[in-house]
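A short reminder: the numbers here are calculations on the coordinates, not readings from a lab. Model, not experiment: these values are computed from the prediction. Positions of Cβ are generated from backbone atoms using ideal geometry, with glycine treated the same way; all protein chains shown enter the neighbour counts.
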Amino acid sequence: MFTTIHRFFYGVAWLMAVIGGAVLGILILMMCISIIGREASDILHSEWVRSTMPGFAQSLLDAGVGPVFGDYEFLVAGLAFSIFCFIGWCQITGGHATVDVFTAGLSDRKRRWLQMVIDVVFAVALVLIAIQLYDGMNTQMRRRSTTFLLQYPLWYNYALALGPAILSAAIGVYMAGVRIAEAMLNRTLVTVHGADH
């Protein structure tokens, strides 16, 4: 039973991380295109290009050479979404950065209890973040705030991040439960690899 439940949460966390990685890759590509477009636009607007090939420069500018319109707004929304997609994976695999200098000498039992406290606090934090995102989304819906350039409702950004935030909170609560069981039973139920630092 436990193996099936763990496999389910592990699969959800993995799928979220893959989706978050794809979105992050798209954002990186968009920013590269935007930076190249901005630099090309600056060159096409330069005095030298305007004086030597005005028709060519204007035709490229008319074709849309320049930065991606609203790139910053896409970046803000996409990064929040990606970050929440990655948190669940880090939590279930133990991929968060750790400092083992003070805990290396502890017994396995004491380390389990310490890990339990850390994961319970982290789960509470993830739940509070999801609740605050939901409240923020509702506030932005009531205010009818929009983004500066693209003029889409600002609550869309909150809604986009809320889905993976709720899933990450659920994974955090699950892992807190696992750590509580491990501390009580004094045995490891889920082996984590941790981050290599």
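Other residues lying with their Cβ under 12 Å from the Cβ of Arg112 contribute a combined charge of +2, Lys and Arg counting +1, Asp and Glu -1.
The mean sequence distance of close C-alpha pairs (under 8 Å, at least 6 residues apart), as a share of the length of the stretch 64-197, puts its relative contact order at 42 percent. May I ask for the percentage of alpha-carbon pairs in the stretch 79-137 that lie more than 12 Å from each other? Tail of P(r) above 12 Å: 76 percent of Cα pairs.
Here the translational diffusion coefficient of the chain follows from Stokes-Einstein with Rh set to the Kirkwood radius across Cα pairs; for 4 °C and 1.567 mPa s it amounts to 65 µm²/s. Among the chymotrypsin sites (Phe, Trp or Tyr not before Pro) in the stretch 32-109, those located in a DSSP loop and surrounded by at most 14 other Cβ atoms within 10 Å of their own Cβ are Phe69, Phe102. For the stretch 1-87, the orientation-averaged shadow of the C-alpha convex hull comes to 6.5 nm² (one quarter of the hull surface). About its Cα centre, the chain has a charge dipole of approximately 800 debye under the convention of +1 per Lys or Arg Cβ and -1 per Asp or Glu Cβ, with nothing else charged.
Along its three principal directions, the equivalent ellipsoid of the stretch 48-107 from the Cα gyration tensor extends over semi-axes of 52, 16, 7 Å, largest first. Backbone N atoms of the stretch 43-80 closer than 20 Å to the 7 Å Cα→Cβ label point of Leu150 belong to residues 64-80.
Quickly work out the Arg142-to-Ile5 label distance, labels modelled 7 Å from Cα along the C-beta direction, and quote it in nm with one decimal. In this crude label model, Ile5 to Arg142 measures out at 3.7 nm. With a cut-off of 12 Å on the backbone N, no residue of the stretch 142-173 is near the modelled label site 7 Å out from Leu79 along Cα-Cβ. Going from the fewest other Cβ atoms within 10 Å to the most, the residues Leu149, Leu24 appear in the order Leu149, Leu24.
Please return the longest stretch of the chain lacking exposed loop sites, where trypsin sites (Lys or Arg not before Pro) count only if DSSP places them in a loop and at most 16 other Cβ atoms lie within 10 Å. Result for the longest clean stretch: 1-143.
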